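S.K.: The structure is given below, and queries will be raised subsequently.
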Amino acid sequence: MFISKNQRSPYYKLAYLVNGKRRILSTKTSDYKEAQKFLANFQVPVELPEVKNKINTLSSFQDEYISYASGIKSSNYIRSIKLSFKQLISFTGNMNLNFLDTKTLDKFINSTYSHAPKAALLYYRTLKAAFSKAVVWDYISANPFKKIKAPKTVRTFPVFISPEDIQLILSSTPQQYLKDLFTTAFYTGMREAEIANLKWSWIDLQQNTITVQCSEEFTTKSKKERIIPICNSLKNVLLNQFPKVIELDKNSFVFTRISGIKLTEDFISKQFKKSVRAAGLDDKIHFHTLRHSFASMLVQRGVSLYVVKELLGHEDLSTTQIYSHLQKQNLMDAVNLL
């Protein structure tokens, strides 16, 4: 801290540092002795760092992030967000976002991995996405998860069922609208949320296509629309339902318990699980198994993985390649070259 004077002003200037930054203040006097008195009596003000927003703790950020994600993510993903933040806060406390460092988060992921590898991967992916949004919102300057490697888990082949299995499940399903819903999922590979939001306006029985559409109320996981051809087995199911709703608005839902009321994903999932258990099938079978089954049947019949990718709406071919082991003939042909 010192005083000085230059030709641009008749007054002495006081120079001092606050938080590592230089500040200049006029003494309002051209007398050196008076300027020295000003310096002797001057106290450096305490300046607090600028607070850009009120969202600074994990819990407050969680609430805002869930509010944002609820309009574009599935209910299952929202549950993953809540669980991931709950476990992180339990490990670190309700810390300020800016105080969370890579070392602490790495310990959290490793601690979880030691007893639950799949949970560690879920928390890592979910929280990494959340913290990326925190960067976009200027709550933090960088995402600390980007310096942490994703936990490795055992990669198993997806469970799928045969046409005979789906018939057993349908026989154990008393409600006709659920039979039709399960059949549609089996022959289209549509996701649970897509099935729940399926409207008659998406279906063209003349062109034999279903267009999975995005709207203000619903957005696909990839944020892209796609077209799925309707096979003969599915067309008969839809034709049987169509006369019952022909007088209704084309924007009405295809599968409902109560007209105009959309089924929840939880309800669909639980009803399917009830039918699986009633049929005496493996308890590992869940609603998403129908999507795996659709893809598996196509691959086993020689359909290109690129085509399967488009039908499933995957953004990256690497996601579709989990079904590559089913291309048995290709594998046999390759080995026979030896």
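Read the figures in this text as sums done on the coordinates, not as results from a lab. Note that the coordinates shown come from a computational prediction; the quantities given were computed from them, not determined experimentally. Glycine gets a Cβ as well: all are built from the backbone with ideal geometry, and neighbour counts include every protein chain shown.
S.K.: In nm, what is the difference between 0.36 nm times the number of residues separating residue 125 and residue 36 and their Cα-Cα distance?
M.R.: Numbers: separation 89, 0.36 × 89 = 32.04 nm, distance 5.99 nm.
Between residue 125 and residue 36, full extension yields 26.0 nm more.
S.K.: Continuing with this model, one more query. Find how many whole Å separate the alpha carbon centroid of the range 1-35 from the alpha carbon centroid of the range 272-314.
M.R.: 76 Å
S.K.: In whole Hz and in residue order, list the ³J(HN,Hα) couplings for the range 181-196 that follow from phi through the Karplus curve 6.51 cos²θ - 1.76 cosθ + 1.60, θ = phi - 60°; x for Gly and Pro.
M.R.: 3J(HN,Hα) across the range 181-196, in whole Hz: 5, 5, 4, 4, 5, 5, 9, 10, x, 5, 5, 4, 5, 5, 5, 4.
S.K.: Could you order peptides 123-133, 96-106 by the average number of other Cβ atoms within 10 Å of their residues, highest first? Numbers along the way, then the final one.
M.R.: Numbers: 123-133: 19.5, 96-106: 14.7.
Listed from highest to lowest mean packing, they are 123-133, 96-106.
S.K.: Here is a follow-up. Stretch residue 24-residue 101 to full length: gain in nm at 0.36 nm per residue minus the Cα-Cα span?
M.R.: Working: separation 77, 0.36 × 77 = 27.72 nm, distance 3.47 nm.
Between residue 24 and residue 101, full extension yields an extra 24.3 nm.
S.K.: How large is the dipole of the range 2-41 about the Cα centre if only Lys and Arg carry +1 and Asp and Glu carry -1, each at its Cβ, rounded to the nearest 20 debye? All intermediate terms of the calculation are to be shown ahead of the outcome.
M.R.: Details: 9 positive and 2 negative charges, 35 e Å.
Around 160 debye, computed over the range 2-41.
S.K.: Relative contact order of the range 163-332, please, whole-number percent, based on alpha carbon pairs below 8 angstrom and at least 6 residues apart. Each step should come with its number before you reach the end.
M.R.: Working: 196 pairs, mean separation 44.7, N = 170.
For the range 163-332, the relative contact order is 26 percent.
S.K.: Using only DSSP helix segments of four residues or longer, with each worth -39500 (n - 2.57), what per-residue ellipticity at 222 nm results for the chain after dividing by its residue count and rounding to 500? The partial results should precede the final answer.
M.R.: Numbers: 14 runs with 161 residues, N = 338.
Estimated from H runs of four or more residues: -14500 deg cm²/dmol.
S.K.: So what is the relative contact order for the chain, in percent, with contacts set as C-alpha pairs under 8 Å and at least six apart? Write down the numbers at each step before the final one.
M.R.: Values: 386 pairs, mean separation 42.9, N = 338.
Reported as a whole number, the value is 13 percent.
S.K.: To the nearest 20 Debye, how big is the dipole of the range 50-118 about its Cα centre, given +1 on the beta carbon of each Lys and Arg and -1 on that of each Asp and Glu?
M.R.: Working: 9 positive and 5 negative charges, 50 e Å.
That gives a dipole near 240 debye.
S.K.: Which residues in the range 222-242 have a backbone N closer than 18 Å to a point placed 7 Å from the Cα of residue 269 along the Cα-to-Cβ line?
M.R.: What the label zone holds, given the 18 Å backbone N cut-off, is 222.
S.K.: Can you tell me which of 262-275, 27-40, 188-201 comes out highest on packing, and rank the rest after it, using the mean Cβ neighbours within 10 Å? Intermediate results must be reported in sequence, preceding the final value.
M.R.: Numbers: 262-275: 16.7, 27-40: 13.6, 188-201: 21.5.
Order by mean packing, descending: 188-201, 262-275, 27-40.
S.K.: Taking the structure as given and computing mean projected area of the Cα convex hull in nm², which label from [x] 23.3; [y] 29.5; [z] 18.2 fits?
M.R.: Correct label is [y].
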